[in-house]
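Engineer: One structure, as structure tokens, below. Some questions next.
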Amino acid sequence: MTVTSSPQGRTEMLRPDGSPVRVLVVDDEAPLSELLSMALRYEGWDVRSAGDGAGAVRDARAFRPDAVVLDIMLPDMDGLAVLGRLRRELPDVPVLFLTAKDSVEDRIAGLTAGGDDYVTKPFSLEEVVARLRGLIRRSGAAALRSESVLTVGDLTLDEDSHDVTRGGVNIHLTATEFELLRFLMRNPRRVLSKAQILDRVWSYDFGGQANVVELYISYLRRKIDAGRSPMIHTRRGAGYLIKPGE
């Protein structure tokens, strides 16, 4: 599976009650499902994943998603059958099909069955996010919030102006340092692996040169944590996370 991504500032989408948009990802390819889920969480959305049709129906009933990303080929039933069951639970939820088939017949079958849109594998993560944003916006399940400032403790990052401050003190970051910090702040208290950081910030895998992440983490620490309570933490063997200083 080939996927590409490029971090960009986004206008946040929220449900009417102010909570994050909910998306259910249904795909039996675990690496792809993880990448999709991470990309959607980067948007600030609440994401759950399922690896088969039965799990998708069960999770949809409990999670009540605002949109569903649904692979058309699943181990226990095809996506069209899953869609039929989902529609009985959530008749208006928008569904974006993932398909490895690009024939006109397959696309028509998915749309005729009630799917709202589709993307063909391989695809870019940015395309999936953009299509989901369009589907959710048209469904009325969420509204756009123009606020572009991320806040973790006394650290703030403005995605529009690229201003970064901690405790009211301006901090100058390079473009790469800014993207790395934004990714960490989009996922506060969540441990992010080197592979996840490479995919999101650098958009490719350095392989044996993954120490580039360690290098840029050290740069950020010098600027963000110097002389202050540490916010950027290492979980040995797992990755890195950011959380409010204590």
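Each value in this text was obtained by applying a stated rule to the coordinates, not by laboratory testing. Please read all numbers here as calculations on a predicted model, not as lab measurements. Cβ: placed from backbone, ideal geometry, glycine included. Neighbour counts: every protein chain shown.
Engineer: Cβ neighbours within 10 Å, averaged per peptide: list 217-230, 24-37, 126-139 in order, most packed at the top. Don't skip to the end; give the middle numbers.
Structural biologist: Details: 217-230: 14.1, 24-37: 20.2, 126-139: 17.6.
So the order, starting with the most tightly packed, is 24-37, 126-139, 217-230.
Engineer: How charged is the neighbourhood of residue 89? Take every other residue with its Cβ under 13 Å from the Cβ of residue 89, and add Lys/Arg as +1 and Asp/Glu as -1. List each step's numbers first, then the result.
Structural biologist: Numbers: positive: 58, 61, 64, 85, 87, 88; negative: 59, 92.
Once all neighbours under 13 Å are counted, the net charge is +4.
Engineer: Using only alpha carbon pairs under 8 Å that are at least six residues apart, calculate the relative contact order of region 12-144 and give it in whole percent. Working shown, then result.
Structural biologist: On the way: 226 pairs, mean separation 33.5, N = 133.
That works out to 25 percent.
Engineer: What net charge is computed for the residues neighbouring residue 22, neighbours being all others with C-beta under 9 Å from the C-beta of residue 22, Lys and Arg scored +1, Asp and Glu -1? Each step should come with its number before you reach the end.
Structural biologist: On the way: positive: 15, 48, 64; negative: 46, 66.
So the surrounding residues net to +1.
Engineer: Using a basic spin-label model with each label point 7 Å from the Cα along Cα→Cβ, how many nm lie between residue 161 and residue 149?
Structural biologist: Between residue 161 and residue 149, the label points sit 0.8 nm apart.
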